[in-house]
Amino acid sequence: MIPSAVLGGSGYVAGELIRLLVGHPDLEPTLVISESKPGALVSATFPHLRGAVGDLRFAAGADLGAALDGLRAKHDRLALFSAAPHGASAALIDAALTLAKQRGFEVHTVDLSADFRFSTAEAYEAVYKHPHGAPRRLAEFTSAIPEHVAGCPSGHIGHPGCFTTAVSLATVPLVALGLLEEPARLTAVAVTGSTGSGRTPGAKTHHPERRSNLQAYSAFGHRHAPEMERLVEAASGQRTTIDFLPHSGPFARGIHATVTGRLARPMTAEEIVGLLRSFYQASPFVTVSTDLPALQSVVGTNRADLGVAVADRTVAVFSAIDNLVKGAAGGGVQWMNRLFGLAEDQGLRLAGLGWL
């Protein structure tokens, strides 16, 4: 077993990550760091994990060095995940990597925050409006969706966000295969569940405000739009404009995205489905169909279901994912599997939850 350390361990993404790790045949949640809950049982914060995590307790960041000393007696590899908030994650990862390297671990990192999604500190600061927490580490990280990059481009990964994952899976093949009029411009309308807003309550995530409600926000100005455009360009080699229109939905888990664009030539939905299936033929978690996807088919899984519809020369690709799994923790485990040379779907062959 490869021990896993989780930084920022008390949020929704961390809870989902721990759920996946306790069922993984090769990775195990050994250290869970939380500055707000040191010493508390993990199962007290995540009662749904009771019976799976035993007496695993949160540790403080100051305890990490001693914990790594104890692990080094039996292990020489370490999987490091960070589910800390953006702006805080980079410095925590920098410190943890330094400690792990000092002790001789082979360590790979997957950051589930936004801190390593850009290749330069300037690009990060232009979007997030504060200095980067570990600029000297940026060159060690690659930000990409596993389906769009072969092999392991670096030893550490900055995982794209949930919105970006849903939209990019629908967009990249359209652009990379030259199916769109140039210059390519797409509109992405995406609805996310309330877990995407994190564990801390806010005015827009309070249950009475969100229940039975649907609301757009940050139209044409959401911070994930430049991340999407950068990711699509990196994966396809072509600059693409994405007009992103996010919405908050009255459900807890999942993202349903609709991406529309103008085709370069008339095509049928069946033709496009065939091309997208070929594009993703080596991707175990992506399915493509003329049937349009539903959230409850993917919630709880690491799958992305894509559906295609065409009217004249307008194409719509619909993308449904679980924001906490494929859009965060599951995508992170998928990357960690690859970084350690494991089967990419190891620990991720998950049935859906259904009837939420």
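Observations on the model:
- Solvent-accessible surface ranking, highest first, for K326, K204, K37 at 1.4 angstrom: K204, K37, K326
- Here the gap between F340 and L353, fully extended at 0.36 nm per residue and compared with their Cα-Cα distance, gives a gain of 1.9 nm.
- In summary, the lysines within cross-link reach of K74, defined as a Cα separation below 19 angstrom excluding same-chain residues under 8 places away, comprise K101.
- 222 nm mean residue ellipticity, helices alone, for the chain (DSSP H n ≥ 4; -39,500 (n - 2.57); rounded to 500): -8000 deg cm²/dmol
- Convex hull per residue volume in Å³, alpha carbons only, for region 34-82: 102 Å³
- Pairwise Cα inverse-distance average, inverted: Kirkwood Rh of region 247-356 (Å): 14.9 Å
- Cα centroid of region 76-148 to Cα centroid of region 180-243, whole Å: 22 Å
- Choice from I145, I272, I18 with maximal GNM fluctuation in the chain (Cα, 10 Å cutoff): I272
- Filtered trypsin sites (Lys or Arg not before Pro), region 105-183: DSSP coil and at most 14 other beta carbons within 10 Å: K129
- Rounded to 0.05, the FRET efficiency of the H48 and Q296 pair, given R0 = 22 Å and the Cβ-Cβ distance, is 0.75.
- Annotation: peptides 174-181, 91-98, ranked by per-residue average of other Cβ atoms within 10 Å with the highest first, follow the order 91-98, 174-181.
- Longest site-free stretch - the chain; sites: chymotrypsin sites (Phe, Trp or Tyr not before Pro), DSSP loop, at most 15 other Cβ within 10 Å: 1-216
- What region 128-169 shows is 33 Å² of accessible area per residue, with the surface traced by a 1.4 Å probe over protein heavy atoms.
- For the chain, a Kirkwood hydrodynamic radius built from all Cα pairs, placed in the Stokes-Einstein relation at 10 °C and 1.306 mPa s, yields a translational diffusion coefficient of 77 µm²/s.
- Candidates V299, V22, V308: whichever shows maximal mean-square fluctuation once the chain is modelled as a Gaussian network with Cα springs under 10 Å: V22
- Working value for region 112-213: equivalent-ellipsoid semi-axes of 27, 23, 13 Å, each the square root of 5 times a Cα gyration tensor eigenvalue, largest first.
- Gain upon complete extension [T268, A311; 0.36 nm per residue less C-alpha separation]: 14.6 nm
The values are calculated or read from the model by the stated rules, or taken from the named source; none is laboratory data. Just so it is clear, the model here is predicted, and its values are computed rather than measured. Because the Cβ atoms are built from the backbone with ideal geometry, glycine has one as well, and the counts that use them run over all protein chains shown. When the accessible area is computed, the model is the full protein with side chains, heavy atoms only, and any ligands, DNA or RNA have been set aside. Shrake-Rupley method; radii C 1.70, N 1.55, O 1.52, S 1.80 Å.
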